[in-house]
Each structure stands twice: as structure tokens, then as C-alpha cells.
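Here's the structure we're looking at; comments come further down.
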Amino acid sequence: MKKILIILMLFVFSGSCIAQKRNAVWCFGDSAGIDFSNLGLPQVFSSSLDTRGSCASIADTSGQLLFYAETNGNLSSNSTQVYSSIGQKMQNGDSILGQLWYHELLILPFPGNDSLYYLFSIGVSSVYGLKYCVIDMKANGGLGEVIQKNIQLQSLPMVDCLTAVKHGNGRDWWLIFRRWDWIQLDPNNEFHSYLISPAGISNYNVQMIGETHMSNQGELIFSPNGEKVLNIDGVDLIELFDFNRCTGVISNPTLIHPAGNFMNYNGTWSSAFSPNGNVLYVSTSKDTNHVYQLDLTAANIYGTRINLDTFYVPPVQPGSLKLAPDGKIYLSCAYYDGISFNYPYNSNEYDTVNMYLSVINYPDSLGAACNYEPFSFYLGGKRTYYGLPNNPDYDLPALAGSPCDTLVGVIEAQEISQANIHVFYHTTWEKAFINASNLKGKTGKLLVYDMQGKVVHSEPLRIQNGYYTRDLSFTGYAKGMYLFSIQTEKERLTKKVMID
């Protein structure tokens, strides 16, 4: 009997290892990285990042790092940069939307394609909207290339809470985000979503449910099984919903804590579910800060709140909580010397606060049994700020037995996608971002016409796997309407764009 139990436990443990391979690598902070391939002994390594917040990374199915991204405060509102697995800036991997917030970036695999990836980014301040890039990991000998860039899906001001979860079929994705009304500060309770499938980005939907919010700082996280979603904002709103992975519908709101106001709030910052989904952890980041534990199975959830730690500013400013592949929850904190918050850190700003992560070792357990250890995971001489990777669970399995678990044993017909062109003009940069996809031709020209029909720019196309992308400077061009045309031996695509 003991042998049977041991074999069963080994099978379960090894299965969990296999299921976590795409989630295995984190890149964040100032050159920090953690490889969770060995769940019993995570290894630190050096990344190429220097970001106080937004970052994302993805590994292949064997746990090898593919690429990662950050928003970098030394750059403009298009501050996102993408890096290859060897830490070099990926070809065409710069000038991507990103403004140094905390949950702006998200990497998703192309459903049904083993070499293409989406990088989604949102604009929270000054430049708004939702955009995406396409990355081809077969390019450059497997180091990758951004082959489409800054394709605009939305122009709405956004809450800093971009997230995604696997569809119940185990292949597709639901992309979720929220709108922020910065002009009138008009509260809304909108949840926006897209379906990401082999057919592309579709099924845009807006659902109004739950409490209204006014803050552009927030976070959306899914429970480990993907069937619950938690919404928090910077003025202390905490609410829990059911989520239908088959339909993308959010339902059954549970208010855990109401929002305060901009004169009276604790600065709720981040949250994480325990592996079994029954326990919630929340961090605050203002003046006097806390890490709380809450029991989600209780009738009065907020009434079960336990304070695991109290931090004071200076020197500690708590940041992100995140459940890791090893089943532990990690907390990142930024160091503040009490005079000025330095980003990037000065060369002498090394402290326990920014050289270690805090760890909740047994997050399924209530009270002291969760074994919270502050500043206990050493980053090998690297430093952290507020952010940890905004990675979804890449290996969440299909919802077995559900109405949408339709992929098992089904050979799907290949969908024929139409060629299309997107052009977005960035006024500050005086650049036109040109992206075309599903091109059938192999060679051709990019032509730009003014409204008198004169060709003002012409160049040959560089088409890769049906994609074309180009950042074209319009410095010195007259303001007005222009016609962009992509012409190959098999198609002609046009797009009018106002240059102002």
C-alpha cells in the first residue's frame, strides 16, 4: 500500500512539473531573473531588464526561456523593449507602447501556431489604448523578431490591469482589460474582453458588472483554475467574480471591501490566490503598509483578515505578489532612502529590501501556518522594484467535461485569413507604424501617396511568413491625409491616414 501511495505522489508531483514548464522563467526588476525549472531549488540568473514595474516573460514547453519584455523609464511613452533568450534586444523590439506602469504588458502564444506570439500593451497615461505586436520565434536563428508592431485595437484610456486566461478548450485565450475615464472621472464598472483564437483577435465584448471604479491603478488576477477573477484598485476596492472559461462571461460579484476615496485610502496594490484558490493575499503600498491574508471560504471574507507583516516608508515600499510555479507566493518590494525614490537605482543603493523577495511558503494554510518569511529569497546580487512578471498561466489545461472542451479528437479545418493592413501615426514621434498580415505575395513595394496622387515615398517590401512591418519617419512631411499602399504580385492593400 505504501508503494502505491509513493508512486501516486510521484506521478502527481511530476505531472505538476510538466504542467508548469512555460511558466518556468521570471525576468523582472534591475537585472533579476528566476528559473523555476527545478521546483525544489529555483535558480537566480541575470536578465537585461531595468524596470520598476511592467515586465513579461515566456518559456517553451521544456522550460527554456524564449523571450521577455519590459517598460523602461529612460524612454518615452513607447518605452517597451523586447529581449531574446540571450539577453540581446530583439530585432525590431523597441519603440513599443508602454509607460512604466505595472501590468501593461502581456505575452500570449498564437493559438495553433508554435512559433508566433502576441505581445499586448496598454496605454494608461498620456498615450492611450490597447495595441499588439507579433513576434516570430523562427526568425534570426530562433532568437526572434518583432514582425508587426503597435497595431491598435482600442484608443480608450486604460486601467493598469491587463490580464488573460486560457479558454475552456485549453487552446484559445480570453484577454481582459478595463477602461478609465480620465476626463470626467466618471466611475464605470466595465470589463472589456477579446477572444484570441487561430482565427485571430475577435469577439470584442463589454460587460458591466460589480462596483464602479475611478482609479487607473489596479490589478486583475485569475484563480489557479481560471474560474474566479479578482479585481482590485488603488483606492482599496476588492471584489471577486465567477468566470466562465467557455463563454468569457463574468458573474456573481462578491464585494470583499468597498472603494475608499482619494483622500482616505490604504493604497491596495497587489494580490495573489493560494494554489487551492481558497486563500487570498493582498499587499498595500502607501505610507504604513501591510501584507494581509484572507479566507475566501468564509461568509465575511474581510472579517478573516490577518496581518502577516507591516512595512514602513522609508525604506520599504511593497509591490507585487505572485504565485510561482513552485506553489509559493513571492512579494517584491522597492527600496526608498527617505529622500528621493530613485529609478533607476543609484549604483550604491543595495539593501535587503531590494536584494531579496519575501516568500509565503505554504499559502494554502491559514494563519502562521502559511510560513511567511520576509526578505528570504536572495536574488544573487540583483535588485527588484515593485513589479513581478505579468504572466498568465500558460499551461492551464482544458476544462475537462465542459461544453467547450471540443478540441480532443477533433481535426479542425484551417481557417483562411484575409490580408489586411494597419497604419498608426504617432504624433509625438512623427512616425507611421505600418503593419500588414496574411500577405500571399512574396515581393512588392510600399508606396505612400499624398492627396494629389504624388508618390512621396517608395521602397521594396521585406515580407516574412506573410507579415510586413515598418516604422516610417514623417519628419518634414506636410500635414494632411496620405494613402499608404502595399502592392505585391498577388494583392494590393491601401489605408488612408491623417498626419497631423
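Quick notes
- Peptides ranked, highest mean first, by Cβ atoms within 10 Å: ranges 244-252, 315-323: 315-323, 244-252
- Cβ-based exposure ranking for Val44, Val25, Val279, in which fewest neighbours within 10 Å come first: Val44, Val279, Val25
- The length gained on full extension between Arg492 and Thr288, counted as 0.36 nm times the residue separation minus their Cα-Cα distance, comes to 67.4 nm.
- Subtracting the Cα-Cα distance of Asn307 and Val206 from their residue separation scaled by 0.36 nm leaves 32.8 nm.
- Pairs of lysine residues in segment 420-499 that meet both criteria, 8 or more places apart or on different chains and Cα atoms under 25 Å apart, total 22.
- Computed FRET value (nearest 0.05) for Glu430 with Ser402, which takes r as the C-beta separation and R₀ as 51 Å: 0.55
- For Met263, Met158, Met137, Met481, order by how many other beta-carbon atoms lie within 10 Å, fewest first: Met263, Met481, Met137, Met158
- Contour minus Cα-Cα distance for Ser340 and Asn465 (0.36 nm per residue): 40.1 nm
- Computed about the Cα centre, the dipole magnitude for the chain is approximately 1300 debye when only Lys and Arg (+1) and Asp and Glu (-1) carry charge, each at its Cβ.
- Relative contact order %, the chain, counting alpha carbon pairs below 8 Å whose residues are six or more apart: 11 percent
- Going by neighbour counts of Cβ atoms within 10 Å, the residues Lys382, Lys442, Lys138 line up, fewest first, as Lys442, Lys138, Lys382.
- Cα-based convex hull, the chain, per residue volume (Å³, whole number): 167 Å³
- Each of the GluC sites (Glu not before Pro) that DSSP puts in a loop and that has at most 14 other Cβ atoms within 10 Å breaks the chain; the longest unbroken stretch is 1-411.
- Between helix 2-19 and the chain: long-axis angle, C-alpha atoms, 0 to 90°, nearest 10: 30 degrees
The numbers here are math on the coordinates, done by the rules we state, and not lab data. Owing to the predicted nature of the structure, the values given are computational and were not obtained by experimental measurement. Every residue, glycine among them, receives a Cβ derived from its backbone with ideal geometry; neighbour counts consider all protein chains shown.
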